[in-house]
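One structure below.
The values are calculated or read from the model by the stated rules, or taken from the named source; none is laboratory data. Model, not experiment: these values are computed from the prediction. Every residue, glycine among them, receives a Cβ derived from its backbone with ideal geometry; neighbour counts consider all protein chains shown.
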Amino acid sequence: PVIMEIKNIDKSYSGSSKVLKDISFDIRKGEVLSIIGPSGAGKSTLLRIINRMIEPNSGVIRFQDKDTLNMKGKALRHMRTDIGMIFQHYNLVDRLSVFENVLHGRLGYKSSLQGIFSMYSEAEKEKAVEIISELGISEQIYSRCDELSGGQKQRVGIARALIQDPKIILCDEPIASLDPNSSRIIMEYLRRISREKDITIIVNLHQLDVAKQYSDRIIGLNDGSIVFNDVPEAITAES
Ligand code: ADP
Ligand code: ADP
């Protein structure tokens, strides 16, 4: 089933030419969808429009049959809880522990960092411990995030997204700062999450070979337009 419909999205930043031109596609529940394309193609802009970090100039996005671009207040906050995000540079709070960073995902932007543990129920803490264990970073649970490797930091990012029970996780170049081995581990976790939890993964990538290996579907973006939207097997030497 379709979880999100994106229709006729146009975007230009103030004073610039169009960065996204009439972008339309459907996103299915539980799929791993890769978006590939050169730097500047508009991949990151597209992800940030999906969770409304930025607004398009025109177009429609329907998520679970609701129009997201007109959502306000509580509906908007709930939509953002349903759509988690991870980043190339992890966006963790370096001086806090893995445990605190993951719990922090639960409160989003509202939380005060002081007394963070007292703000959570035992059930929430147990859930954080469980998710940290699923990501294979239990040994690091009390380590400060600035002591971790890049691959471990990205696993904390995934755990922080998962604690909100998202329907979709947007991944903006999640492996662009990682070595090949850590990249493989991260992509395998993302695929496993889609399979085991039926969470949709939308992942911006540079490398076609990685996209082919881990995706159910690949969208090619070039200069703000979709040039390809198909299963990996359909990519031939000419495309
Ligand atoms: P990608 O993720 O594929 O590298 P981006 O979405 O980051 O592409 O960028 C697409 C285009 O939009 C680029 O030309 C970039 O310079 C421009 N751009 C991105 N963010 C901004 C911004 N905040 N203000 C103005 N232009 C921007
Ligand atoms: P409640 O339903 O208890 O009134 P809210 O509507 O304020 O709570 O928030 C619902 C959820 O959305 C909370 O888990 C909160 O952390 C999360 N949230 C609120 N704003 C944002 C945001 N801008 N980005 C991500 N998550 C958010």
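The table below gives the values:
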| quantity | calculated |
| --- | --- |
| Selection status of G105, part of a strand (DSSP E or B), within 23 Å of S133 (Cβ to Cβ) and within 12 Å of ligand 2 (Cβ to nearest atom) | no |
| Among the residues listed as L33, L46, L20, the single one being part of a helix (DSSP H, G or I), modelled with pLDDT of 95 or more and more than 16 Å from ligand 2 (Cβ to nearest atom) | L46 |
| Filter result (under 20 Å from P1 (Cα atoms), out of contact with any Ser or Thr (no Cβ under 6 Å at 6 or more places or on another chain) and among the β-branched types (V, I, T)) within region 44-77 | I50, V60, T68 |
| Candidates D10, D26, filtered to the one that is within 16 Å of ligand 1 (Cβ to nearest atom) and assigned to a strand (DSSP E or B) | D10 |
| Within region 207-235, considering residues that are over 22 Å from R192 (Cβ atoms) and assigned to a loop (DSSP other than H, G, I, E, B), the one nearest to the chain's Cα centre (by Cα) | G224 |
| Within region 29-50, tally of residues that are more than 15 Å from ligand 1 (Cβ to nearest atom) and among the polar types (S, T, N, Q) | 0 |
| First in region 67-93 and within 15 Å of I199 (Cα to Cα), second anywhere and among the aromatic types (F, W, Y) and crowded, with 19+ Cβ neighbours inside 10 Å, Cβ under 7 Å, 6 or more apart | M79/F63 |
| Any hit, region 51-58, residues being farther than 25 Å from I186 by Cβ, in contact (Cβ under 8 Å) with a residue 40 or more places away in the chain, more than 15 Å from ligand 1 (Cβ to nearest atom) and assigned to a strand (DSSP E or B) | yes |
| For G15: the one exception among (1) more than 11 Å from ligand 1 (Cβ to nearest atom); (2) over 13 Å from the mean Cα position of the chain (by Cα); (3) surrounded by fewer than 22 Cβ atoms within 10 Å (Cβ to Cβ); (4) not charged (D, E, K, R) | (1) |
| Members of region 101-148 found to be at pLDDT 90 or above and either of a type in the set (K, R) or within 16 Å of ligand 1 (Cβ to nearest atom) (or both), listed by number | K125, K127, R144 |
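Okay, residues lined up against (1) within 16 Å of ligand 2 (Cβ to nearest atom); (2) under 30 Å from L148 (Cβ atoms):
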| position | (1), (2) |
| --- | --- |
| A41 | no, no |
| I50 | yes, yes |
| N57 | no, no |
| D67 | no, no |
| N70 | no, no |
| A75 | yes, no |
| D82 | yes, yes |
| I86 | yes, yes |
| V93 | yes, yes |
